[in-house]
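The block underneath contains the structure these notes are about, expressed in structure tokens.
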Amino acid sequence: MKVFERSEFEGRLAEVRHRMADLDLDALVCTNPANMNYLTGYDGWSFYVHQCVVISHDRPPLWIGRRQDAAGARATVYMSHDDIIGYPDDYVQNREKHPYSFVAGQLTTMGLDHGTIGVESDTYYYSAAADAALRAGLPNAAIIDSGTLVNWVRAIKSDAEIALMRQAAQIAEASMRAAIDAISPGTRQCDAVAEIMRTQIGGTAEFGGDYTSIVPLLPTGKSVGAPHLTWSDTPFQEGEGTIIELAGCRHRYHCPLARTIFLGTPPMAWSETAQVVVEGVNAALDVARPGATCEEVEAAWRAVINSHGIDKDSRLGYSIGLNYPPDWGEHTMSLRAGDRTVLKPNMTFHLIPGIWQDLLGIEISEAFHVTESGAERFTALEQTLFVKS
């Protein structure tokens, strides 16, 4: 299924090539599946094997992957089928030969064996063995780290991308309401998550959802202060709190959302901390407008919580959008002290002010869109500590 018009891909490609020229790159080897999707439309669960998109200056992108996945490329990319190259299956998980030896051969055929080639050396999908094989196959090329070049192009969304994130937000809000409805004393954690994931995939009556880059996170009870735990088959208990962090996903575009629920009457510390978090969230959103910096957004939050005697040393949030497992963050901007990136219209963030202490955990997050006039929340879900018995 083609999600975007060809003209959108051409605009993205032009900006990436412009940034490649700034680094004197003759070619860019993209291995991050989100960047592959962004530049070609390719969408498949094939990132467990080696694959890439090669960007050069004088020809369309070249998709290179496992031969059996070439059919998926033909179904999803906007380029000609001639620009889809599959390597034989004996390259897959073979200690005697590596797919990036094949990639090196393709770059040689393209006349790039003496060029300067950028690689995404700090992605989850480009291994040390891949780098070694590419260098061995291109001894006369200069292979350098291109960093997060494409990720930064992705940071400013088109109107079409924002529209998908708004749809993802509807799925996220519905999924969170399903979680709040499902979590009750005696209900198994796994059964509540089953309802969350059913809603994430089922979406709305108008459109369905995709698998998310991170599974629902559900720290609960005595482990509520450990933010990245998932679930078990243990029943929820009265007198305990649970953090729910999830996302809606539409055509790989994510809208994350976190809320906290307490079963029974919450201790005063829970209620008061939740009120401080909400105050801080909205202070940060008030600052998040074009021209502000990431660190100024975080400083507004920190001023509020510090005034209440609370400290948080982890970042407040990060850029979001198109992504694949294991993360929905874009690995570019962070809302934290020292990040002086200037906010621009159509940047999108997840502001997630988690307060984690012994036997207390509060997350009340907001995904937001930077508009010309300020921050616009993607969802309208109540900013509160949800209480049930």
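The values are calculated or read from the model by the stated rules, or taken from the named source; none is laboratory data. Quick caveat: nothing in here was measured; it's all calculated off a predicted structure. For neighbour counting, all protein chains shown are included, and Cβ atoms are generated from backbone atoms with ideal geometry for every residue, glycine included. Note: accessible area is taken over every heavy atom of the protein model, side chains too, but ligands, DNA and RNA are not part of it. Shrake-Rupley method; radii C 1.70, N 1.55, O 1.52, S 1.80 Å.
Normalised size of region 247-287, defined as Cα radius of gyration per 2.2 N^0.38 Å with N residues, equals 1.59. Cα extents for region 136-232 along the principal axes, largest to smallest and rounded to whole angstrom: 65, 36, 23. Evaluating kT/(6 pi eta Rh) at 4 °C and 1.567 mPa s, with the Kirkwood radius of the chain over Cα pairs in the Stokes-Einstein relation, gives 58 µm² s⁻¹. Overall, the ratio between the Cα radius of gyration of region 91-155 and 2.2 N^0.38 Å, rounded to two decimals, is 1.16.
In whole percents, the pair-distance distribution calculated for region 325-389 from its alpha-carbon pairs, binned every 5 Å from zero, is 4, 13, 18, 23, 19, 14, 6, 3, 1.
Ellipsoid fit via the Cα gyration tensor, region 62-105: semi-axes of 21, 11, 6 Å, each the root of five times an eigenvalue, largest first. Among T273, T348, A75, whose Cα projects farthest towards the positive end of the dipole of the chain, with charges put on the beta-carbon of Lys, Arg (+1) and Asp, Glu (-1)? Among T273, T348, A75, the one farthest towards the positive end of the dipole of the chain is A75.
Calculated over region 195-252, the projected area of the Cα convex hull averaged across directions stands at 4.6 nm².
Neighbours of D24 by Cβ distance under 14 Å: Lys/Arg scored +1, Asp/Glu scored -1, total -1.
For region 326-389, GluC sites (Glu not before Pro) are listed when DSSP marks them as loop and at most 15 other Cβ atoms sit within 10 Å of their Cβ; the list is E372, E382.
Its residue count N fixes a reference of 2.2 N^0.38 Å for region 209-334, and the Cα radius of gyration divided by that reference is 1.17. Taken along its three principal axes, the alpha carbon spread of region 277-318 comes to 30, 18, 13 Å, from the longest extent down to the shortest. Multiplying the residue separation of A136 and D89 by 0.36 nm and subtracting their alpha-carbon distance yields 14.8 nm.
Distances over 22 Å make up what percent of all Cα-Cα pairs in region 12-120? That tail contains 27 percent of the Cα-Cα pairs. Using Cβ point charges alone (K and R +1, D and E -1), the dipole size of the chain about the Cα centre works out to roughly 380 debye. Share of carbon and sulfur in the accessible area of the chain stands at 49%, probe radius 1.4 Å. Measure up K222/K388; K2/K97; K2/K157 against 25 Å on the Cα-Cα distance and list the ones that go over. Checking Cα-Cα distances, K2/K97 exceed 25 Å. For region 54-167, the convex hull drawn through the C-alpha positions has a volume of 141 cubic angstrom per residue. Rounded if a/c is under 1.5, else prolate if a/b is larger than b/c, else oblate: which is region 239-307, with a ≥ b ≥ c the root eigenvalues of its Cα gyration tensor? In terms of gyration-tensor shape, oblate. Calculated accessible area for the chain comes out at 41 Å² per residue, all protein chains present (probe 1.4 Å; ligands, DNA, RNA ignored).
Summarising the strand pairing of the chain, around 70 percent of its internal DSSP beta bridges are antiparallel. With a cut-off of 14 Å between beta carbons, the residues surrounding V276 carry a summed charge of -2, where Lys and Arg count +1 and Asp and Glu -1.
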